[in-house]
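Since every read-out is calculated from the coordinates, none of them should be taken as a lab result. Remember, it's a predicted structure, so these values are computed and weren't measured experimentally. So basically every Cβ, Gly included, is an ideal-geometry build from the backbone, and we count neighbours across all protein chains shown.
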Amino acid sequence: MMSLQDMTLKMSASPHLKSRRKTDWIMKQVVIALFLPLLAAIYFFGIRSLFMVIVGVASSVLFEYGFQKLRDQPIRINDYSAVITGMLIGLSVPVTAPYWTIIIGSFFAIVIIKQLPGGIGRNMFNPAVGARVMLKVFFSPWITNWVAPGADAVSTATPLESIGHFSKTVGEEVPGLWDLFLGVNLGGNIGETSKLMILLAFVYLVVRGVINMKIPLYYVGTVAVISSIYGGYSVDYMMTHVLSGTLIFAAVFMATDYTSGALTPTGQTVFAIGAGLLTIVIRIVFNFPGGVGFAILIMNALSPVIDKYLAPRIYGHKKRPKVSLAK
């Protein structure tokens with residue numbers, strides 16, 4: 001019989017779920033899904049889109065490997081989480097963004113946001129979203145040019161500028177809804193132009209059981225409902241908000257992050273609706289097209305509190321379990 005002295009207790013970050021699906025399998029599914037918007041980016045913006053994603057992936061993986069090597073930690077680059085971060089960063093900038101901005105974004109995402117708090121499962125904020133917001137704040141206009149497809153790389157205005165600052169109508173300069181959906185003649189960050197390809201990726205991830213479909217649906221649905229009410233129930237105004245910017249891309253690939261989002265079922269609903277409310281407020285009131293990134297980061301910070309107060313009551317207990325705010 002084994003004595004207590006011979007027993008070894010293994011400690012690891014929650015959640016402790018037994019499943020045949022390992023982390024690397026889940027991450028591989030997300031990588032496969034991200035190839036759909038990447039293919040659209042290559043089609044609309046050219047082969048440089050592929051090189052941008054390669055730079056993002058290579059730098060993210062190298063930063064993670066280097067940090068873990070220097071700290072004498074187990075090397076975990078095989079879990080593909082750094083690959084996803086690199087792909088998201090590469091897809092979150094316009095085609096004219098210098099490669100060095102992508103490398104800086106990868107460093108900030110991997111080292112500052114992900115590894116310093118303890119690595120995957122311990123970071124409060126989504127690394128790719130944090131890098132995206134940091135680049136937008138500190139490295140404009142290198143990564144904020146709304147560049148239309150084509151060899152001339154002509155800068156154009158984002159549709160969000162037309163429907164922000166308390167506007168209740170859609171300007172004539174805004175592309176039609178069909179163009180916004182397909183990404184035809186639409187500038188912006190290379191990975192978020194074709195909503196069709198993003199929705200196909202969404203279906204794939206839902207079918208594979210990788211993401212909870214209610215998070216993207218509640219997030220986008222909240223933006224749709226509030227913009228519809230504010231715009232006098234104008235379908236064009238509402239759909240322009242839904243199809244413009246990074247809303248759908250972020251709803252599928254960023255708001256559904258396991259680590260930085262809420263864990264409880266009710267908490268996930270509150271997280272998604274809260275992100276939607278913040279997004280539409282930032283867009284309309286503050287006239288800031290990058291409202292999606294800030295909205296998700298704010299809800300990332302609030303998710304431990306949300307889970308604390310919305311943890312389901314255990315059967316047979318009168319009170320909900322106390323949940324630590326540490327993630």
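Can you give the net charge of the other residues whose Cβ lies under 15 Å from the Cβ of T222, counting K and R as +1 and D and E as -1? Spelling it out: positives minus negatives among the neighbours equals +2.
Between L177 and S234, the distance separating the two model label sites (each 7 Å from Cα on the Cα→Cβ line) works out to 1.3 nm. Take the Cβ atoms of F286 and R208, set R0 to 30 Å, and the FRET efficiency comes out at 0.25.
What FRET efficiency comes out for K69 versus Y99 if R0 is 25 angstrom and r is the Cβ-Cβ distance? Round to the nearest 0.05. Efficiency for this residue pair is about 0.60. When you count the other C-beta atoms within 10 angstrom of each residue and take the mean per peptide, 135-143, 249-257, 158-166, 214-222 line up highest first as 249-257, 214-222, 158-166, 135-143.
Computed from label points 7 Å out along Cα-Cβ, the spacing between V184 and D24 is 4.3 nm. Placing pseudo-labels 7 Å out from each Cα toward the beta carbon at S167 and S140 gives an inter-label distance of 1.6 nm.
Work out the count of Lys pairs in segment 23-310 where the Cα-Cα distance is under 21 Å, with the pair 8 or more places apart or on different chains. Counting lysine pairs in segment 23-310 gives 5. Using the Karplus relation 6.51 cos²θ - 1.76 cosθ + 1.60 with θ = phi - 60°, the per-residue 3J(HN,Hα) values for segment 104-112 come to 5, x, 5, 4, 4, 5, 7, 7, 6 Hz, with x marking Gly and Pro.
In segment 40-96, which trypsin sites (Lys or Arg not before Pro) fall in coil by DSSP and have 15 or fewer other Cβ atoms within 10 Å?
R71
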